[in-house]
Amino acid sequence: MASHSLDTCLKSSKELARLLPHAGRLARLQRIYERKAPPGLARYARVADLKSGMVHIHAENGAVAAKLKQLAPSLAGEFCKSGLEVTGVSVRVQVAPHHGPPAAPRAGREPIGNEPKRALAGLAARLPEGSPLRGALQRLLRRSA
């Protein structure tokens with residue numbers, strides 16, 4: 001079975017071939033964005049779409065989105081300089097899917113041993129009646145019985 005490039009596969013279908021120019025514009029916008037965004041910031045956002053002259057960028061968190069919103073006018077200018085018809089830049093927070101290993105399941109609650117229980121009970125007894133800490137310790141001791 002012969003190996004084909006993605007470009008060749010996309011061109012072989014009329015429906016998919018219509019997407020090629022748009023995909024090419026998005027890839028070009030992404031490259032410009034990566035060159036013009038501040039160092040370290042580019043990896044936390046990506047060009048998501050170009051629609052009606054607006055470049056839509058998805059940021060991974062609110063801090064990155066806030067910074068990119070400040071830079072939106074200069075980014076729009078850079079996109080225009082490259083020959084693309086861009087009227088503005090919009091930025092939204094869109095959390096990227098986590099690609100690392102799955103998080104380890106949280107272990108169940110470990111029971112409190114007898115010695116720590118006695119120490120906590122002694123501390124609770126020395127605290128003034130009505131103390132929030134005393135009440136919290138007493139609740140903890142009751143739940144761990």
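Under a crude label model (7 Å from the Cα following the beta-carbon direction), how far is A72 from A42 in nanometres?
About 2.2 nm, to one decimal.
Once both labels are modelled 7 Å past Cα along the beta-carbon direction, what's the L16-S82 spacing in nm?
In this crude spin-label approximation the distance works out to 2.5 nm.
Given the pairs K11/K69; K11/K81; K36/K69, which span a C-alpha to C-alpha distance of over 25 angstrom in this model?
Pairs exceeding 25 Å: K11/K69; K11/K81.
Hey, got a sec? Which GluC sites (Glu not before Pro) in the range 46-99 land in a DSSP loop and have at most 14 other Cβ atoms within 10 Å?
Here the sparse-neighbourhood loop sites are E85.
For I112 and A27, calculate 0.36 nm times their separation in residues minus their Cα-Cα distance, and state this gained length in nm to one decimal.
Difference between extended and current length: 25.0 nm.
Just tell me which lysines come within less than 27 Å, Cα to Cα, of K14; anything on the same chain fewer than 8 places away is out.
Cross-link targets: K51.
Can you work out the accessible area per residue across the range 18-67, with the rest of the protein chains kept in place, probe 1.4 Å, in square angstrom?
So the range 18-67 comes to 58 Å² accessible per residue, rounded to a whole number.
The values are calculated or read from the model by the stated rules, or taken from the named source; none is laboratory data. Quick caveat: nothing in here was measured; it's all calculated off a predicted structure. Heads up, the Cβs are rebuilt from the backbone with ideal geometry, glycines too, and the neighbour counts pull from every protein chain shown. All accessible areas refer to the heavy atoms of the entire protein, side chains included, with ligands and DNA or RNA removed. Shrake-Rupley method; radii C 1.70, N 1.55, O 1.52, S 1.80 Å.
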